[in-house]
Amino acid sequence: MPELSRRRALTAAAALAATVGAQTVARAATPAAGNAHATGADSLPGSPAAFDEVYKGRRIQGRPTAGGGHHGGGHHGGHHDAGYEVFVDGVPLHVMSNADGSWISVVSHYDPVATPRAAARAAVDELRGAPLLPFPAN
């Protein structure tokens, strides 16, 4: 795993701030969705589609949320990002979309994937049967 330099950390923080700012502006320009648990065609514009499946014996779920953004403050305060939430066996899995459109989770933070579904599957792989513990809010 590559070591994180101060320059790379600051660059990533700046990219994250720009992405969050752009998402906030985009959300303000679009009407609010009425259904927090939308699926498929009813999902929020630009959000990945909802999913609910059993992967390697674990139930993984993901769905767009009407509220959008982080809960609990800060980058690691909630369990979803950009209006999307993910669960493994009913436990919230904190996910984050990166500036390049990839996704990471608190379990597989250094292994970006293409979708929240792939992030949930990567978390299940990394957990190797262990339960997902709730991420503490600050």
Exposure proxy order (Cβ contacts within 10 Å, fewest to most) of GLU53, GLU85: GLU53, GLU85
Neighbour-count ranking [beta-carbon atoms within 10 angstrom, fewest first] of TYR110, TYR55, TYR84: TYR110, TYR55, TYR84
Footprinting exposure proxy for SER102, SER108 (fewest neighbouring C-beta atoms within 10 Å first): SER102, SER108
Amide proton proximity set for THR115, modelled H, under 5 Å, gap of 5+: TRP103
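Every number in this text was worked out from the coordinates using simple rules, so none of it is lab data. In this text, all values refer to a predicted model and were calculated from it rather than measured experimentally. Note that we place each Cβ from the backbone using ideal geometry, even for glycine, and neighbour counts take in every protein chain shown.
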